[in-house]
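What follows is one structure encoded as structure tokens, with my remarks underneath.
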Amino acid sequence: MVLSAGVGTPSSSRVLADLLAEEAVNALAASGVPLEPVVIELRALFADIAAAFTGPTSPRLRAALDQVAAADALIVVTPVFAGSFSGMFKAFFDLLAPTALTNTPMIIGATGGTLRHALVLEYALRPLFSYLRAAVVPTTVFATSSDWASAHSSQALHERARRAAADLAQAMRGATVLAAS
């Protein structure tokens, strides 16, 4: 399951989410585990997310929340706004039960204008998903506009994405072994 909180079209967050999903598919295929990622664009659910705090949850939003809660693994990417994740991103996860992501293997990623915000993954996203008891992989991926600008930068970004995907594949193999026990 891939969740993108990008606000533009095209969104650099969605581009990063797609890159992470592609690398995860490749890493899992190498392990003999086929994966067909499902993508949820939070931008399309923004009004539903906002309305859920004052009224009933729409069927469309309920379906997205249920899909995320039932996912075998998650890849989540948010743009950085004011030094943290986007409000839409946080609001979506506020609507999940606190145990909905327990032990779910997860890659966290973020996009921002400069590397000054790269630690948002460690001081904002990782604690959020720790609270939700998800199993966030060690390798996180932050991308800036310069990561897409040159072949060298793009190559480094792809390498980080491959490392995160390998971590996810390993975590999923571990989860499968535990589930079979």
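Things to note:
- Hits in segment 55-70 (condition: within 17 Å of residue 100 (Cβ to Cβ), out of contact with any Ser or Thr (no Cβ under 9 Å at 6 or more places or on another chain) and open to solvent by 10 Å² or more (accessible area, probe 1.4 Å)): 57, 62, 63, 66, 67, 70
- Checked against (1) within 18 Å of the chain's Cα centre (by Cα); (2) assigned to a loop (DSSP other than H, G, I, E, B), residue 46 passes all but a single condition, namely (2).
Conditions (1) free of Cβ contacts under 8 Å to residues at least 40 places away in the same chain; (2) within 17 Å of residue 154 (Cβ to Cβ), marked per residue:
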site: 10; (1), (2): yes, yes
site: 14; (1), (2): no, yes
site: 20; (1), (2): no, yes
site: 24; (1), (2): no, no
site: 28; (1), (2): no, no
site: 31; (1), (2): no, no
site: 36; (1), (2): yes, no
site: 43; (1), (2): no, no
site: 52; (1), (2): no, no
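- Some residue of segment 25-36 being β-branched (Val, Ile, Thr), in contact with a Pro (Cβ under 9 Å, 6 or more places away or on another chain) and farther than 21 Å from residue 163 by Cα: no
- Residue count for segment 92-101 satisfying the condition of being open to solvent by less than 20 Å² (accessible area, probe 1.4 Å) and not in a loop (DSSP other than H, G, I, E, B): 2.
- Options 52, 73: the member that is touching a strand residue (DSSP E or B) at 6+ places or on another chain (Cβ under 7 Å), over 11 Å from residue 96 (Cα atoms) and surrounded by 14 or more Cβ atoms within 10 Å (Cβ to Cβ): 73
- Within segment 114-146, the set of residues being closer than 22 Å to residue 91 by Cβ and either open to solvent by 40 Å² or more (accessible area, probe 1.4 Å) or part of a strand (DSSP E or B) (or both) comprises 117, 122, 123, 126, 127, 130, 131, 133, 136, 142.
- When residue 40 is tested against the conditions (1) in contact with a helix residue (DSSP H, G or I) (Cβ under 7 Å, 6 or more places away or on another chain); (2) open to solvent by 50 Å² or more (accessible area, probe 1.4 Å); (3) hydrophobic (A, V, I, L, M, F, W, C), the lone failure is (2).
- All conditions in (1) open to solvent by 10 Å² or more (accessible area, probe 1.4 Å); (2) touching a helix residue (DSSP H, G or I) at 6+ places or on another chain (Cβ under 9 Å); (3) more than 18 Å from residue 171 (Cβ to Cβ) hold for residue 111, with the sole exception of (1).
- Yes/no for residue 160 being at pLDDT 95 or above and open to solvent by 10 Å² or more (accessible area, probe 1.4 Å): yes
- Qualifying residue in segment 77-96 (condition: in contact with a strand residue (DSSP E or B) (Cβ under 7 Å, 6 or more places away or on another chain), among the polar types (S, T, N, Q) and in contact (Cβ under 8 Å) with a residue 60 or more places away in the chain): yes
The values are calculated or read from the model by the stated rules, or taken from the named source; none is laboratory data. Since the structure is predicted, the reported quantities are computational estimates derived from the model, not experimental observations. Here Cβ is always computed from backbone atoms with ideal geometry, including for glycine, and neighbour counts include all displayed protein chains. Accessible surface areas use protein heavy atoms only, side chains included; no ligands, DNA or RNA. Shrake-Rupley method; radii C 1.70, N 1.55, O 1.52, S 1.80 Å.
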